[in-house]
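Engineer: My structure is below; once you've seen it, I'll send some questions.
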Amino acid sequence: MTSSHKVLDDAGIGVFDLNLVTGSSEVSCAWKTMLGLDADADISPQQEWKARIHPEDFERVRVTDEALFDGQIDRSKTVFRMRHNEGHWVWVKSNAGVTERDADGKPLRLSGVHIDMSEVKEEEQAKDEFVAMISHELRTPLTSVLGALKMANSGALGDLPGPLTNLLQMAQRNSNRLLHLVNELLDFKSLESGELSYEMTTLDAREVSSDATSSMAGYLQDGQSIKQILPEGEAALLLSADVNRLQQILANLLSNAAKFSPADAEIELGLVVQDGFVSFNVRDHGSGVPAELEGKMFQRFTQAKTGEKRKFKSTGLGLSICKQMTEGMGGEIGYFNNDDDGATFWVKFPIVEA
């Protein structure tokens, strides 16, 4: 054993080396003990790997390795499960590279390291369960508080003094924002676990737009408004989606537009019919999407590090959730910076024939 392997063994990091021509392989002592084997066990490492990797993970690892062999990526980095000798699953983080190719570029040797990530995964699961529990516990009382505020602000309790009305409206806006954050966390966990489902129905885009505009009253800053821009005519523009999920997507786009626009701005919600799709276009009047976020806007936990957008704190999950929901319903989502000011975020679905 080399001194470098000894250091890695002491750190619990398994080292492997695979001859891609013969299929023979070697592994360090730590690789064996990570799976509950004796450090000096006489094994065929490649056969052990194939026999122990979780069936649900094998194809994903194979595809990543193939991309490495074809030169599409520099390193094969994956996380998968392997069966421990005592029967439980060990989460393994792999980082491998081709260390030898022939004159034609064909890979001859694969080497890398495997790191036991089980403790990290357990901590992540415990954290996720805690967040889900807290979110569920918060949503019920928040919904109740918000219902009472909406009733008071609707005039159902009679006329209220001006200063009290302003305070209650501010409380409603902030309660809406807090409930929005709680729902984002819950939706994120549902999407992560694959538990989110969709009740697809045929919807009229004009009605969807009108409902989305009406529901935003509690989110807008004082002086802000939403202008609907609808195609000419009265003909229904039909699409297929889950009405609650679609309203949630539009609420996220509209609330973002309100957040990044001036206090007196008129936000636009336009319907555009083009190439067999109906698109909901939400235009804000902020500073636009910064160059640093190009290609990253719909990734999880994405937030600007500098500039105007850094002033606004959020979970960084909203647009990622919107993208997953949109694609889960067969739609598309994107954005572009306007020529004059701000940005336009759009979500579109195929038009359904009546």
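Engineer: Which of the following values of Rg/Rh (Cα atoms, Kirkwood Rh) was calculated from the structure shown: [x] 1.18; [y] 1.10; [z] 0.96?
Structural biologist: [y]
Engineer: I would also like to ask the following. Order 155-163, 252-260, 337-345 from most to least packed using the mean count of other Cβ atoms within 10 Å.
Structural biologist: Put in order of decreasing packing, that is 252-260, 337-345, 155-163.
Engineer: So, by mean Cβ neighbours within 10 angstrom, what's the order for 90-98, 197-205 with the highest one leading? Before the final figure, lay out each step's value.
Structural biologist: Numbers: 90-98: 19.3, 197-205: 14.4.
So the peptides 90-98, 197-205, ranked by packing, come out 90-98, 197-205.
Engineer: While we're on this one: For the pairs 32/93; 127/296; 227/323; 127/259; 121/296, flag any whose C-alpha to C-alpha distance is greater than 21 Å.
Structural biologist: On the way: 32/93 15 Å; 127/296 25 Å; 227/323 24 Å; 127/259 29 Å; 121/296 25 Å.
Going by Cα-Cα distance, 127/296; 227/323; 127/259; 121/296 fall outside the 21 Å limit.
Engineer: For n ≥ 4 DSSP H runs only, could you compute -39500 (n - 2.57) per run for the chain, divide by its residues and tell me the 222 nm figure to the nearest 500? Walk me through the intermediate numbers first.
Structural biologist: Working: 9 runs with 145 residues, N = 354.
That calculation yields -13500 deg cm²/dmol at 222 nm.
Engineer: Using the Cα centre as the reference, give the magnitude of the dipole from point charges on the C-beta atoms of the range 1-160 (Lys, Arg: +1; Asp, Glu: -1; all else neutral), rounded to the nearest 20 debye.
Structural biologist: Details: 18 positive and 28 negative charges, 85 e Å.
The calculated dipole for the range 1-160 is roughly 400 debye.
Engineer: Rounded to the nearest 20 debye, what is the charge dipole size of the chain about its Cα centre when +1 sits on each Lys and Arg Cβ and -1 on each Asp and Glu Cβ?
Structural biologist: Values: 35 positive and 54 negative charges, 151 e Å.
Dipole magnitude for the chain comes out near 720 debye.
Engineer: Quick check for you: with a 1.4 Å probe and neighbouring chains kept, what is the accessible area per residue of the range 20-141, in Å²?
Structural biologist: With all protein chains present, the range 20-141 gives 61 Å² per residue.
The values are calculated or read from the model by the stated rules, or taken from the named source; none is laboratory data. Given the structure is predicted, the values throughout are model-derived calculations rather than measurements. Cβ sites come from the backbone with ideal geometry, for glycine too, and all protein chains shown count toward neighbours. Side chains are part of the model used for accessible areas, which takes the heavy atoms of the whole protein and leaves out ligands, DNA and RNA. Shrake-Rupley method; radii C 1.70, N 1.55, O 1.52, S 1.80 Å.
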